[in-house]
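Enquirer: My questions all concern the structure below.
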Amino acid sequence: MISVVILISGRGSNMASLLAAVDAGTLPVRIAAVLANRPDAGGLETAAAHGVPTGVVDHRQFAKREDFDTAMAAAIDAFSPELVVLAGFMRILGEVFVRHYDGRLINIHPSLLPTFPGLHTHRRALDEGVRLHGCTVHFVTPDLDHGPIIVQAAVPIIDGDDEDTLAARVLAQEHQVYPLAVRWFAEGRLRLQAGRVVLDSPQTSSGALIAPQTCAG
Ligand code: GRF
């Protein structure tokens, strides 16, 4: 069974969805640790309540970004994980860090990349008037929110949506696709090869997951 380290910055609902999948027996990984860059990250308590080791590498203790990256990498590598999962981790990681975890560092982003990289994705989707929004799991590269895409889930934007209703609809899909992507990796069906995603799965060979059951009308 592979071991996984999860990095968080906040409430950690994606992390909790991974822990729940492990508990349910649908995600064959060992969550070796949950690490945060903020001591007040709410998800740390959730992880500890699950008996998962937790740690904090407080970015405010480091004058230089690279020094934070080095300390975080040391904290991660102490657990020798096969996979590092960014789950609402809100620090930009430098190129040296990202290259160190080449092919074993994944992220979830609340938009259908490559649209809306960066922050405030739900507000921007509403402002642009797009009819489909969603989330993306991708391998991390030094380009922010631009790595090779593993799986996406799409949701409709419904008349009357505001940032909160849309965020909730997308988050429900995040909680579905992130455990799925981690399971594929754990089962050896997902890898990064020459910068492209290779997914050995007949049902999902396109790497795409659309969630039509959420479509209204
Ligand atoms: C999620 O929407 C995730 O996609 C984004 O930040 C949010 C984190 O939520 N990167 P949580 O901490 O997992 O609840």
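The values are calculated or read from the model by the stated rules, or taken from the named source; none is laboratory data. Predicted model, so just to flag it, every value in this text is computed and none were measured. A quick note on method: Cβ atoms are made from the backbone with ideal geometry, for glycine too, and the neighbour counts reach across all protein chains shown. Protein only, heavy atoms only, side chains kept; ligands, DNA and RNA dropped before computing areas. Shrake-Rupley method; radii C 1.70, N 1.55, O 1.52, S 1.80 Å.
Enquirer: Expressed in nm to one decimal, what extension gain is obtained for the pair residue 159 and residue 99 from 0.36 nm per residue of sequence separation less their Cα-Cα distance? Don't jump to the answer; show the numbers that get you there.
Expert: Working: separation 60, 0.36 × 60 = 21.60 nm, distance 4.24 nm.
Fully extending the segment from residue 159 to residue 99 adds 17.4 nm.
Enquirer: Check residue 7: other-chain or 5+ apart residues with amide H under 5 Å from its amide H, H built from backbone geometry?
Expert: 35, 85, 86, 87
Enquirer: Ignoring everything but the protein chains, give the 1.4 Å probe accessible area of residue 95 in square angstrom, nearest 10.
Expert: The value for residue 95 is about 100 Å².
Enquirer: What trypsin sites (Lys or Arg not before Pro) in region 113-191 are in a loop by DSSP, with at most 11 other Cβ atoms within 10 Å of the Cβ?
Expert: Details: sites: 123, 124, 131, 169, 183, 189, 191; in loops: 131, 189.
Within region 113-191, the qualifying trypsin sites (Lys or Arg not before Pro) (loop, at most 11 other Cβ atoms within 10 Å) are 131.
Enquirer: Another question, if that's okay. Apply the Karplus curve 6.51 cos²θ - 1.76 cosθ + 1.60, θ = phi - 60°, to the phi angles in region 65-82 and return the couplings in whole Hz, x for Gly and Pro.
Expert: Working through the residues one at a time gives 4, 5, 5, 4, 4, 5, 5, 5, 4, 5, 5, 5, 5, 4, 9, 6, x, 7 Hz.
Enquirer: Here's a follow-up. Take 9, 80 and sort them by solvent-accessible surface of the protein heavy atoms, 1.4 Å probe, largest at the top.
Expert: Numbers: 9 10, 80 85 Å².
From most accessible down to least: 80, 9.
Enquirer: Excluding residue 115 itself, what net charge comes from residues whose Cβ is under 13 Å from its Cβ, given Lys and Arg +1 and Asp and Glu -1? If you can, show how the numbers build up before the last one.
Expert: Working: positive: 124, 131; negative: 127, 128, 145.
Overall, the nearby charge balance is -1.
Enquirer: Another one. Counting only DSSP beta bridges with both residues in the chain, what percent are antiparallel, rounded to the nearest 5?
Expert: Values: 15 of 32 bridges.
Around 45 percent of the beta bridges assigned by DSSP in the chain are antiparallel ones.
Enquirer: Hey, if you drop one equal point scatterer on each alpha-carbon of region 61-179 and run the Debye formula without solvent, what base-10 log of I(q)/I(0) do you get at q = 0.17, 0.18 Å⁻¹?
Expert: -0.85, -0.92
Enquirer: I'd like the FRET efficiency for residue 127 and residue 56, computed as 1/(1 + (r/R0)^6) with the beta carbon distance as r and R0 of 41 Å, rounded to 0.05.
Expert: 0.70
Enquirer: Less than 12 Å Cβ to Cβ from residue 40, Lys/Arg counted +1 and Asp/Glu -1: what total charge do the surrounding residues give?
Expert: Details: positive: 11, 38, 60; negative: 45, 58.
That works out to +1.
Enquirer: Quick one: Karplus J couplings for region 97-109, per residue in order, coefficients 6.51, -1.76, 1.60, θ = phi - 60°, nearest Hz, x for Gly and Pro?
Expert: Once θ is set to phi - 60°, the couplings for region 97-109 become 4, 4, 5, 4, 10, 3, x, 9, 10, 10, 9, 10, 10 Hz.
Enquirer: Accessible area per residue of the chain at 1.4 Å probe, in Å²? Could the numbers behind the result be given before it?
Expert: Details: 10360 Å² over 217 residues.
Per residue, the chain has 48 Å² of solvent-accessible surface.
Enquirer: Could you please state how large a percent of the accessible area of the chain is carbon and sulfur, counting protein chains only and using a 1.4 Å probe? Don't skip to the end; give the middle numbers.
Expert: On the way: 5470 of 10360 Å².
Looking at the chain in its full context, I get 53 percent from C and S.
Enquirer: For residue 144 and residue 2, what does the FRET efficiency come to when R0 = 30 Å and r is the distance between their Cβ atoms, rounded to the nearest 0.05?
Expert: On the way: r = 26 Å, r/R0 = 0.87.
That pair, residue 144 with residue 2, gives E of 0.70.
Enquirer: Using the Kirkwood formula on the Cα atoms of the chain, what hydrodynamic radius do you get, in angstrom to one decimal?
Expert: On the way: mean 1/r = 0.0568 Å⁻¹.
Evaluated on the chain, it is 17.6 Å.
Enquirer: To the nearest 500 deg cm²/dmol, what mean residue ellipticity at 222 nm is calculated for the chain from DSSP H runs of n ≥ 4 alone, each contributing -39,500 (n - 2.57), summed and divided by the residues?
Expert: Values: 6 runs with 70 residues, N = 217.
Rounded to the nearest 500, the figure is -10000 deg cm²/dmol.
Enquirer: Once the Cα gyration tensor of region 1-101 is diagonalised, what are the square roots of 5 times its eigenvalues, in whole Å and ordered largest first, as equivalent ellipsoid semi-axes? Intermediate values should be presented prior to the final figure.
Expert: On the way: eigenvalues 100, 46, 22 Å².
Working from the Cα gyration tensor, I get semi-axes of 22, 15, 10 Å.
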